[in-house]
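The block underneath contains the structure these notes are about, expressed in structure tokens.
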Amino acid sequence: MNETLTQNLLVFGGVLFAIGMVGFLTRRSIILMFLSLEMMLSGVSVNLIAFSRHHQNYQGQILAVMVLTIAACEAAIALALVVSLYRRKATLDVAVWDDLSETLLPKVLEAPQTLGEPEMIFPKLTPAGLDPMSRPISADFEAQSLGNGETLKANAPEAGTHA
Amino acid sequence: MNFINSLISNAAFLAQAVTDVPDPVVPDPVVPASAVSVGAWTSSMLLPIVLGAVGYLLIQHGVVKSRALFAAGVVSIVIAIGVAMGFTPGTFESYVLMLFCAIATGGGVGFLTAREPVYAALGFATAVLSVCGVLFMQSALFIAAATMIVYAGATIIIFLFVLMFAQQAELRTYDVQLNNPFVAATIGAILLATIAMCVTGDKAMLPVRADTTRAMSEASLPDELSSDAGREAAKKMDAIDPNLRYVPKLTAGLGRSMYTDYLLAVELAGTVLLVATIGAIALAQRTTETQA
């Protein structure tokens, strides 16, 4: 029964460790990478406590105290570093600091990803004339609109939608 | 000459005394017959791991809305808990332990899949507090309290503070577009499957054996075993029920062991803390000086 409990706790610690590792590999914000590290450390602590109970002595608990100490030190140093890095470049992206690593590695170019529709707030005015957002008004606007009536007709319902 | 001879004989006597140190009195380990072959590895344990990896990829690629998958995860966790409670007869304690484990895993999943960093930090706080509950159920009271104070009290608050200091209102590209989710999920699934296979495999767990390879003070032994009467009582209890183990559950014993057997490690940890404090102050001050 006790072995089953220990095994379950070891699997649980492994789950926490795997979650932390996946987070560390995928996240790109520095703070969340450090949080992933802390998650891995908590998984290790669970393992240590499980073995401490399994072997009926305090060695695992003492090692967990040491892990806790090192985690606190790491958090303090890491946050001081994060704050100083953020003051320099005003971003939390780790890719910004790629030039600190090997320069011979090929750089991974990324396409900026848009988050759905961009929010554009239009002023609610009475629609009149052409929509300036759809087409820039040329200098000879008067002559064009007088000569070709279709441009006015084509823009009329588009202007009406913004009302 | 006499002096040297006496010195040599003394040294030899000392060496013999060192090598002949009687082993710390440890009762013979009582290994129950059914201790080893519990919880064999079956390939069906791969199913939740693969499902978890696939769900993580689905969320990261935006195929599935995270709320639907969150609901599905909650339902599956509830079903899994029900199945586990149905198949493994346990006590109320084990059910509470499983609940803590489930909440911690859920917090970890929320930490992985949240897009907003603040929500990720809150998921991490949930996971760590539940881990504290697990440690509490394992009678590691001091570790649970210290973890709660250090992680949830200090680390999470400082992390949230830095997040709100550095985070803009809208999501940035580096919050949304992650590094190679497929590769990371594959590596994580393989790692987790390997850990589960090694841990739950047949004869994976060694039987309980007290450590006799190094001399330790009696403080690191369980409290019941540090006296003759306690040892006799322990043997009697072993004769009654071999599964009854002597769990180190007193925080006083932990403190005694820490300040007798591991005094050097404690001093080193204190030194590391001091160095980290000085380093953090120096790092924070240097930037302000260069900017001013």
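Just so it is clear, none of the values below were taken in a lab; they were calculated from the coordinates. Keep in mind that what you see is a predicted model, and the values were worked out from it rather than measured. Neighbour counts run over all protein chains shown; Cβ positions are idealised from the backbone, glycine included.
Using the Cβ-Cβ distance between B:Thr173 and B:Leu268 with R0 = 35 Å, the FRET efficiency computed as 1/(1 + (r/R0)^6) comes to roughly 0.25. Running Debye on region A:2-96 with equal point scatterers at the Cα sites and no solvent, what base-10 log of I(q)/I(0) appears at q = 0.14 Å⁻¹? The Debye formula, applied to the Cα set alone, gives -0.59.
In order along region B:258-269, the Karplus-derived 3J(HN,Hα) couplings, from 6.51 cos²θ - 1.76 cosθ + 1.60 at θ = phi - 60°, round to 5, 9, 10, 7, 10, 5, 5, 5, 5, 4, 5, 5 Hz, and Gly and Pro are given as x. Loop-located GluC sites (Glu not before Pro) in region A:32-107 (DSSP state other than H, G, I, E, B) with a sparse environment of at most 13 neighbouring Cβ atoms within 10 Å: A:Glu102. The packing ranking, built from the mean of other Cβ atoms within 10 Å per residue, places the peptides B:251-261, B:269-279 in the order B:251-261, B:269-279, highest first.
Karplus-based coupling profile of region A:69-85, in residue order and whole Hz: 4, 5, 5, 5, 4, 4, 5, 4, 5, 5, 6, 4, 5, 4, 5, 6, 5, with θ = phi - 60° in 6.51 cos²θ - 1.76 cosθ + 1.60 and x standing for Gly or Pro.
Spin-label pair B:Ile81-A:Thr4: with each label point 7 Å from Cα along the Cα-Cβ axis, the two points sit 1.9 nm from one another. The mean number of partner chain beta-carbon atoms within 10 angstrom of a residue's beta-carbon across peptide B:180-191 is 4.
Using DSSP to define loop residues, name the chymotrypsin sites (Phe, Trp or Tyr not before Pro) in region B:116-172 whose beta-carbon has at most 13 other beta-carbon atoms within 10 Å.
Passing sites in region B:116-172 do not exist.
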